[in-house]
Every structure is written in C-alpha cells, then in structure tokens.
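To keep things clear, I will list the structure first and then write my remarks on it.
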Amino acid sequence: MLRILVTDDHEVVRRGICSLLQSHQGWEICGEAFDGRQAVAMTAQLKPDIVILDIGMPNLNGLDAARWFPSSPEVMVASWMSVIGGAHGNGLGIFLTSDT
C-alpha cells in the first residue's frame, strides 16, 4: 500500500486531490495537512511514502516544509500558479505547476 500525505491550505483542493488519488487501487491517503508546519509534524508521525505539498501555504510554505522532512518520503511540491522558482534547485524530486 502506498501511503500519501496531502497538504494544501484550501480544503476544497485537498479534498479534490484526495478523491483523485483514492481512486487508484493500492494508494491510501494516510493524512491531510493544512499548512507546512502540520505537514512536517504529520510526516514524522505517520511516515508516509509520498508527501504532496502546495508551494504557497501559511505558517511554512511547501518548499520550506520539504527541507524539514527526513530523506525517506518522496516529496511532490505543487503550485496552482505558473510562476515558480527554486523548487528543482532544492532537490525536490517531482515538481508540478498548473500548466503541467
């Protein structure tokens, strides 16, 4: 089972992502976080295989939150805007924009 943590400060976006991902057999949403700080805490607690982060969140954005994760989870940082900077240079494995 692939365990996924979804993080976005907009509940409707989180719910939409979770709905899409749950339709795949063998994928499990192990948690939902509303900001980067909660994502860091939940990653330590839940130990997901993949963490999906919104780049623009309050209290700790997705890029900064990813720096706090241990090397074990794969991290996907997503932005719903087309102007992005710094994600690939920070060693993030997967990076999506709304144009992707």
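Tabulated data for the structure shown
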read-out	value
Any hit, the range 28-38, residues being surrounded by 15 or more Cβ atoms within 10 Å (Cβ to Cβ), among the charged types (D, E, K, R) and in contact with a Lys or Arg (Cβ under 7 Å, 6 or more places away or on another chain)	yes
Count - residues of the range 1-13 that are part of a helix (DSSP H, G or I) and within 19 Å of A66 (Cβ to Cβ)	1
Filter pass, M1 being at pLDDT 90 or above and either on the phi > 0 side of the Ramachandran plot or of a type outside the set (K, R) (or both)	yes
Flag for G16 being more than 10 Å from the chain's Cα centre (by Cα), small (G, A, S) and outside any helix (DSSP H, G or I)	no
Top-ranked residue of the range 27-40 - restricted to ones that are small (G, A, S) and modelled with pLDDT under 95, ranked as farthest from F69 (Cα to Cα)	G36
Residue within the range 44-51 that is surrounded by 13 or more Cβ atoms within 10 Å (Cβ to Cβ), at pLDDT 85 or above and under 16 Å from H10 (Cβ atoms) present	no
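The values are calculated or read from the model by the stated rules, or taken from the named source; none is laboratory data. All values derive from a computational prediction rather than experimental measurement. Here Cβ is always computed from backbone atoms with ideal geometry, including for glycine, and neighbour counts include all displayed protein chains.
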